[in-house]
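The values are calculated or read from the model by the stated rules, or taken from the named source; none is laboratory data. All of these numbers come straight from a predicted model, not from anything done at the bench. We place every Cβ from the backbone using ideal geometry, glycine too, and count neighbours over all the protein chains shown.
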Amino acid sequence: MKKPNPLLAAMGKGAEPRQAEAGKPDPVVPERVAGKRSAQKHLGAYFDKGDPLLERVAILRARLDMTNSELIEHALDELWKRHEAGRAFGD
């Protein structure tokens, strides 16, 4: 038997009967269904609240009408192109 909670008793809320004891069947827990992100990998970063980079990201997000994910993808594509160009010219 479950031990009574003194806080709930002081609030006038006694222990609630369990569903099985009340004659109700246990709730059915749905199986976890693969969502749209199941085939994706999270990539993110944390910045200090006063970091000017956060303001730059917000401005770019508004000007370019992109989400954070789209901005990160665009920035990484540009960085990759610059890196590959540097390798092509021996930099």
Margin query: If a residue must be surrounded by 10 or more Cβ atoms within 10 Å (Cβ to Cβ), within 20 Å of the chain's Cα centre (by Cα) and either touching a residue at least 12 places away in the same chain (Cβ under 8 Å) or in a loop (DSSP other than H, G, I, E, B) (or both), how many such residues does the stretch 28-66 contain?
Written below: 3
Checklist line | Of the criteria (1) under 30 Å from L76 (Cα atoms); (2) charged (D, E, K, R); (3) modelled with pLDDT under 75, which one E21 fails | finding: (1)
Margin query: Just to be sure before I move on: is M11 of a type in the set (A, V, I, L, M, F, W, C), exposed (fewer than 10 other Cβ atoms within 10 Å of the Cβ) and at pLDDT 75 or above in the structure I sent?
Written below: yes
